[in-house]
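Please treat every number below as a calculation from the coordinates, not as lab data. Note that the structure is predicted; figures quoted are calculated from it, not measured. Positions of Cβ are backbone-derived with ideal geometry, glycine not excepted, and every protein chain shown enters the neighbour counts.
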2 protein chains.
Amino acid sequence: MFKKRVNINDFEEGKYLAPKFDKNGLIPVITSDFKTGDILMHGYMNKKALKKTIESKEAYYWSRSRKKIWHKGHVSGFKQKVKEIRIDDDQDAIWMSVDIGNGASCHVGYRSCFYRSIPLGKIKNSKNIKMNFKEKKKIFNPEKTYKNEPNPTKL
Amino acid sequence: MFKKRVNINDFEEGKYLAPKFDKNGLIPVITSDFKTGDILMHGYMNKKALKKTIESKEAYYWSRSRKKIWHKGHVSGFKQKVKEIRIDDDQDAIWMSVDIGNGASCHVGYRSCFYRSIPLGKIKNSKNIKMNFKEKKKIFNPEKTYKNEPNPTKL
C-alpha cells in the first residue's frame, strides 16, 4: 500500500513515506495531547488504520486484544482529532498529536494512560516498587461508559 | 525481577510496578524532551535496561539491531538525564521525560527522530506521499560523530 523500502538513505534522509510494519503488520504509535504535550497513550496501527487516520483526521488503531481496527472513541465518544502525524528516522514508529478537548484517552477513566510515575534512584526491592499517581481524578466512570464491553487489558 | 502480574485490577488501579515485557522480553519506551514536550525517540528496554535507567537516572535501552544493552550517548556523548518515568494503564509501555540540554537524540543528526510530518487528508497515491521536514538543521554530523560505527537502521 505504501512506498517500498529500497535503501536506508532514501527513507532516513528522504521525503517519501515508507513505513515499516513489523512481523504482525503493526507499527507503534505514540499519541500526545497537542495542547499540553502530555502523552495520552501508546498504541499500534496496521496499514489500513494508518491510511484511515491520515484520510479521516480521526485516530484509528489496531486493537491487539480485540484483533480488529478500532476507531478510538466509537464506544466512549472520546474521539481523537488528529492535528499532526510524524514518523521517525527509520520510519518504524509514529507520533500523533491529537485534540481530545476536555475528554479522556484511557479506558481506566483517566485523561492519559500514563497516570503513574515510577520513583527514581536505588531500588531496594524490585518486587515492591510503589508508584505515584500523577492524575488523581478520573474523567469518566468506565463501568457506566463501557457497560458490557470487556476490559481489553490482558494479563 | 519485578512484581508478578496476578490480576488486572491490581496492576491497572494499583500502586505497584508490574511491567509487562513482550515475547522478546522488551517493553516499548517513548522518550520526550522534558522542556519542550517534543517526542525525541521511540525505543525498547528489557528488564535490565529498565532497572539501570531507574537506578542511574540515565537512559539505557535495548538495541534490537545491535542486540545489546545500549547506554544512550556512550558514543555520541548525547546522554539522556531522566527527569521522570511513567507507565501506562496495563503497564506495557513506558513514557520517559529526559533532559538532553542543547543536544540531539537522533542518529541521523537531528534533535528528535521525528523530524518529518505526514500530510493529512485524502491520499491520491499512497506510494508517493511527500512529507514535510519539521527540523531543517542537523545538530551534529553523524559521519564525524560515529566514524566507523555502522548505521543501526535495518531495511
* Asked: Which of the aspartates and glutamates could be linked to B:Lys122 by a straight reach, that is with a Cα gap under 15 Å, when you skip same-chain ones fewer than 8 residues away?
  -> A:Glu55, A:Glu58, A:Glu84
* Can you list the residues, at least 5 places off or on another chain, whose amide H is less than 5 Å from the amide H of B:Asp92, using H built in the peptide plane? -> B:Lys20
* To do: Enter the mean number of other protein chain beta carbons within 10 Å of the beta carbon of each residue in B:31-43, as an integer.
  => 4
* Asked: Tell me, what ³J(HN,Hα) does each residue in the range B:76-83 have, in order and in whole Hz, if you take phi through Karplus 6.51 cos²θ - 1.76 cosθ + 1.60 with θ = phi - 60° and put x for Gly and Pro?
  -> 6, x, 8, 6, 10, 8, 7, 9
* **Charge dipole (debye, nearest 20) of the protein assembly as shown; +1 at Cβ of Lys and Arg, -1 at Cβ of Asp and Glu** => 480 debye
* Quote the charge dipole size of the range B:42-155 about the Cα centre in Debye, to the nearest 20; the model charges only the Cβ of Lys and Arg (+1) and of Asp and Glu (-1). => 560 debye
* Structure fact -> By the C-alpha gyration tensor axes a ≥ b ≥ c (rounded if a/c is under 1.5, else prolate when a/b exceeds b/c, else oblate), the shape of the range A:69-155 is oblate
* To do: List the distances, in nm to one decimal, from the label point of B:Gly14 to the label points of the same position in every other copy, shortest first, placing each label point 7 Å from Cα along the Cα-to-Cβ direction.
  => 5.0
* Structure fact -> Within the set B:Tyr61, B:Tyr44, B:Tyr115, GNM on chain B using Cα springs under 10 Å gives the largest fluctuation to B:Tyr115
* To do: Distance between Cα centroids, the range B:69-122 to the range B:1-55: provide it in whole Å.
  => 14 Å
* Straight-line reach from B:Lys35: which lysines have a Cα under 22 Å away, not including same-chain ones fewer than 8 places off? -> A:Lys35, A:Lys83, A:Lys134, B:Lys57, B:Lys72, B:Lys79, B:Lys81, B:Lys83, B:Lys134, B:Lys136, B:Lys137, B:Lys138
* Structure fact -> Row for the protein assembly as shown, column shape: gyration tensor on C-alpha, a ≥ b ≥ c, rounded if a/c < 1.5 i.e. under 1.5, prolate if a/b over b/c, else oblate; value oblate
* **Helix-only CD estimate at 222 nm, as mean residue ellipticity for the protein assembly as shown, using -39500 (n - 2.57) per DSSP H run (n ≥ 4)** => -3500 deg cm²/dmol
* Can you list the residues, at least 5 places off or on another chain, whose amide H is less than 5 Å from the amide H of A:Leu40, using H built in the peptide plane? -> A:Thr31, A:Ser32, A:Asp33
* With contacts defined as alpha carbon pairs under 8 Å and 6 or more residues apart, what's the relative contact order of the range B:1-132 in percent? -> 22 percent
* Asked: If we count every other residue with Cβ under 13 angstrom of B:Gly109's Cβ, Lys/Arg +1 and Asp/Glu -1, where does the sum land?
  -> 0
* Structure fact -> Listed with the fewest Cβ neighbours within 10 Å leading, A:His107, B:His74 appear as B:His74, A:His107
* Asked: Between chain B and chain A, with a rotation axis joining them, whose C-beta in B is nearest that axis, and what is the whole-Å distance?
  -> B:Gly37, 1
* Structure fact -> Karplus-derived 3J(HN,Hα) from phi for the range B:91-105 (6.51 cos²θ - 1.76 cosθ + 1.60, θ = phi - 60°), whole Hz, x at Gly and Pro, runs 6, 10, 7, 10, 10, 10, 9, 9, 9, 10, x, 9, x, 9, 10
* Percent relative contact order of the range A:55-155, based on C-alpha pairs within less than 8 angstrom and at least six residues apart? -> 20 percent
* Identify, among A:Pro142, A:Phe11, A:Gly25, the residue whose Cα sits farthest towards the positive end of the charge dipole of chain A, taking +1 on the Cβ of Lys and Arg and -1 on the Cβ of Asp and Glu, with the dipole about the Cα centre. => A:Pro142
* **Amide proton proximity set for A:Ile87, modelled H, under 5 Å, gap of 5+** => A:Trp95, B:Arg116, B:Ile118
